[in-house]
Amino acid sequence: MAARGLMIQDIQGESTRMVGLAGDTSMLSEEAILRHECVERVMRVSEPYKLAGRRFHPQDTVVEATEAARIGGGHFAVMAGPCSVESEEQILSIARDVKHSGAHFLRGGAFKPRSSPYAFQGLGLDGLEMMKIAREKTGLPIVTEIMSQEYCEIFARDVDVIQVGARNMQNFPLLREVGALGKPVLLKRGLSCSIDELLQAADYVLVGGKSPVILCERGIRTFETATRNTLDLSAVPVLKKKSHLPVVIDPSHGTGHWDLVYPMALAAVAAGADGLIIEVHNQPERALCDGQQSITPFLFDRLMRKIGQLRTVLAENL
Ligand code: PEP
Ligand code: MN
């Protein structure tokens, strides 16, 4: 089968073994496969996402960025930090604060996908160096966005979780390349992409066979203008049903308003999200990017406590 260009996934259950074949299976005849004595049943799967889907992978995937930072399958993780790295002092101060409040990852953009070419574009490789310093000083693994294939090697070496932003969710060559890097990929849902398109994009990464994927719902474009985007919270249970991959919610981009972050973060936890990615800034009014949706370290600390309480309640057997 591999010689025909198909990907083979072997799933060993308690009493049965399933073999998944992904790729162009139109040339395979079900009858011919059934002639093998060990084959009991052949099933054609209609979902276009074979690797991200639950059918061949019934158990939840746990993505392990470091031993202490796991997400999925009951491991809940919070990624927090500024939209953009602005200076060493800024990222260090925020990293220390969010670590103190219990964040598991530090987020911070070095390469920024801005709608306007005249807006702050991020500090680039200098920003990445500052993220690395913050990791060294706090021990927090780092999450940062890749925008172009030219930085793949550097990201594979230096970054713990590689973010593919909403605007690049369907940049298929980039998805294929990050799928070969062997680092977890945080894949954000495109602004006008359906859940099935998100899962197909995840398959582009997973086909590389090396990089696990964390899915992220960050709000979609609708007719509503009261919020920056419409946070599709129903994506959490829908994705959990369709896919084994961890699901993270971004209430910052999902709403665009700092005062909506706290309630929507709690709602995401209640809906069953495996984690959150939240923009935190020590001086939101002076932020170079997304200050209006960034919460202060003080509010983040309160939110983390409330999340702890909520998770305790949710874990109780009622
Ligand atoms: C970000 O996380 O700062 C970002 C730009 O996200 P998105 O791709 O969801 O807009
Ligand atoms: Mn942002």
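The values are calculated or read from the model by the stated rules, or taken from the named source; none is laboratory data. Because the structure is a prediction, the values reported are computed rather than measured. Virtual Cβ from ideal backbone geometry, glycine too; neighbours counted across all protein chains shown. Accessible surface is based on the protein model in full, side chains and every heavy atom, while ligands, DNA and RNA are left aside. Shrake-Rupley method; radii C 1.70, N 1.55, O 1.52, S 1.80 Å.
What the table below lists for this structure:
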{"quantity": "In order through region 67-84: 3J(HN,Hα) via Karplus (6.51 cos²θ - 1.76 cosθ + 1.60), integer Hz, x for Gly, Pro", "calculated": "4, 8, 10, 10, 9, x, x, x, 8, 9, 9, 10, 9, 9, x, x, 4, 10"}
{"quantity": "Excluding exposed DSSP-loop GluC sites (Glu not before Pro) (at most 16 other C-beta within 10 Å), longest clean stretch of the chain", "calculated": "68-223"}
{"quantity": "Sequence-distant lysines (8 or more away, or on other chains) whose Cα lies within less than 21 Å of LYS241", "calculated": "LYS50, LYS188"}
{"quantity": "Long-range HN-HN contacts of PHE76 with modeled amide H, under 5 Å", "calculated": "none"}
{"quantity": "Residue order for HIS257, HIS100 - accessible surface, 1.4 angstrom probe, largest first", "calculated": "HIS100, HIS257"}
{"quantity": "Kirkwood hydrodynamic radius (C-alpha pairs) into Stokes-Einstein, region 269-312, 25 °C and 0.890 mPa s, D in µm²/s", "calculated": "213 µm²/s"}
{"quantity": "Degrees, to the nearest 10: 258-271 long Cα axis against longest axis of the chain", "calculated": "30 degrees"}
{"quantity": "Expected 222 nm ellipticity per residue - DSSP helices of 4 or more, -39500 (n - 2.57), all of the chain, to 500", "calculated": "-9500 deg cm²/dmol"}
{"quantity": "Simple spin-label estimate for SER116 and ARG311 in nanometres, 7 Å along Cα-Cβ", "calculated": "3.9 nm"}
{"quantity": "Portion, in percent, of the accessible area of the chain that falls on carbon or sulfur, probe 1.4 Å", "calculated": "50 percent"}
{"quantity": "Net length gained if the chain between HIS36 and ASP259 were fully extended (0.36 nm per residue, minus Cα distance)", "calculated": "74.2 nm"}
{"quantity": "Mean Cα-pair separation over length for region 121-169, i.e. relative contact order, pairs under 8 Å, 6 or more apart, %", "calculated": "33 percent"}
{"quantity": "Trypsin sites (Lys or Arg not before Pro) restricted to region 1-72 and DSSP loop, no more than 13 other C-beta within 10 Å", "calculated": "ARG35, ARG41, ARG44"}
{"quantity": "Positive-end residue, region 63-316 charge dipole about Cα centroid, Cβ charges, pick of GLY254, MET147, ASN168", "calculated": "GLY254"}
{"quantity": "Relative contact order (%) - region 216-316, alpha-carbon pairs under 8 angstrom, separation at least six", "calculated": "24 percent"}
{"quantity": "The chain: angle of helix 297-315 to the longest principal axis, Cα-based, in degrees nearest 10", "calculated": "40 degrees"}
{"quantity": "Overall form of region 63-316 per C-alpha gyration tensor (a/c, 1.5; a/b vs b/c)", "calculated": "rounded"}
{"quantity": "Gaussian network model of the chain, Cα within-10 Å springs - most flexible of PRO173, PRO141, PRO251", "calculated": "PRO173"}
